[in-house]
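A short worksheet on the structure shown next.
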Amino acid sequence: MGHTRSVRRPSYLLHTPDTFIPTQIPGASKASVIVHVSPAMGAGFTQYTAEFEPGGVLGAAAGERFVYVLTGTVTVDAGPHKHALAKGGYAYIPQGVEQRVAAIEKARAAVIEKPYRLVPGIGAPELLVGHEADVKSQALMGDEALQVRSLLPDTMAFDFAVNTMSYQPGAALSMVEIHVMEHGLLMLEGGGIYRLDDEWHPVTVGDFIWMAPYCPQWFGALGKTPAKYLIYKDWNRHPLE
Ligand code: UGY
Ligand code: MN
């Protein structure tokens, strides 16, 4: 009683499922959200888990929106087509696009929203729908035990990236990273040890981590099955903008 692995620090947040409180946001119906991080914590974006009841729908986005399906099927109605996304399916919906993100049956999705940072002379991205399984994976810094899938194209039109990172048991980042980009991270499979700032935390499937800009970070996978996470980072923009 009175214990949790969740930790709130100025430079990071470890948000574990035992501390999740579902809440409502305007426009959503038969859908609740667990807001993992937002500007209230100091982040430049918001990330939440949407939990849809059958027939549930999200309201309007507060900017550009990225949806990654965790369980069930989520439909994205934006532009000329309606897309049905199963587990691992995802959609990038540009800011200002009229949309309906809904579920016929019970479903859960990771949702990221932020105000889009337009660069003069570079057009904003268009609606993009895909499935993680169709994205070619790449070894990180030549380490075959650590595979990265970049779900969004690496073009200057996009002001953020969302990747999945899969670690074989025992695989680890080759260095402690310190960078200007912030992260929103959701553990999808397995677990391990996350170094955040100068503390080390055991993490497991279902955990969320926010890392502020420059938060020292490192991960090593533990256990007998691979560890995998979904990770957001802002990028491709001038730091003084
Ligand atoms: O892309 C990244 O910055 C990634 N390697 N960071 C991380 O896994 N904590
Ligand atoms: Mn990083």
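Going through region 158-180 one residue at a time, which ones are free of Cβ contacts under 8 Å to residues at least 60 places away in the same chain and not hydroxyl-bearing (Ser, Thr, Tyr)? The answer is Gln168, Pro169, Gly170, Ala171, Ala172, Leu173, Met175, Val176, Glu177, Ile178, His179, Val180. Applying the condition of being surrounded by 15 or more Cβ atoms within 10 Å (Cβ to Cβ) and farther than 16 Å from Gly89 by Cα to region 149-168 and asking which residue is farthest from ligand 2 (Cβ to nearest atom) yields Ala157. Exactly one residue out of Ala145, Ala221 is buried (at least 19 other Cβ atoms within 10 Å of the Cβ), among the small types (Gly, Ala, Ser) and touching a residue at least 24 places away in the same chain (Cβ under 8 Å): that is Ala221. May I ask you to list the residues in region 145-180 that are more than 17 Å from the chain's Cα centre (by Cα), small (Gly, Ala, Ser) and either within 11 Å of ligand 1 (Cβ to nearest atom) or part of a strand (DSSP E or B) (or both)? Once the filter is applied, which keeps residues that are more than 17 Å from the chain's Cα centre (by Cα), small (Gly, Ala, Ser) and either within 11 Å of ligand 1 (Cβ to nearest atom) or part of a strand (DSSP E or B) (or both), region 145-180 yields Ala145, Ala172, Ser174. Could you check, for region 38-56, whether at least one of its residues is surrounded by fewer than 18 Cβ atoms within 10 Å (Cβ to Cβ), under 30 Å from Arg117 (Cβ atoms) and at pLDDT below 95? Within region 38-56, none of the residues are surrounded by fewer than 18 Cβ atoms within 10 Å (Cβ to Cβ), under 30 Å from Arg117 (Cβ atoms) and at pLDDT below 95. Among the residues of region 181-199, are any without any contact (Cβ under 8 Å) to a residue 12 or more places away in the chain and more than 10 Å from ligand 1 (Cβ to nearest atom)? For region 181-199, residues without any contact (Cβ under 8 Å) to a residue 12 or more places away in the chain and more than 10 Å from ligand 1 (Cβ to nearest atom): absent. Out of region 175-187, which residues are in contact with a Gly (Cβ under 9 Å, 6 or more places away or on another chain) and either near ligand 2 (Cβ under 10 Å from one of its atoms) or farther than 27 Å from Leu70 by Cα (or both)? Glu182 - this is the single residue of region 175-187 that is in contact with a Gly (Cβ under 9 Å, 6 or more places away or on another chain) and either near ligand 2 (Cβ under 10 Å from one of its atoms) or farther than 27 Å from Leu70 by Cα (or both).
With respect to the conditions (1) without any contact (Cβ under 8 Å) to a residue 60 or more places away in the chain; (2) touching an Asp or Glu at 6+ places or on another chain (Cβ under 8 Å), Met1 lacks only one, and its number is (2). When region 120-144 is filtered for residues that are in a strand (DSSP E or B) and more than 16 Å from ligand 2 (Cβ to nearest atom), the ones remaining, listed by number, are Leu128, Val129, Gly130, His131, Ala139, Glu144.
The values are calculated or read from the model by the stated rules, or taken from the named source; none is laboratory data. Predicted model, so just to flag it, every value in this text is computed and none were measured. Note that each Cβ is placed from the backbone with ideal geometry, even for glycine, and that neighbours are counted across all protein chains shown.
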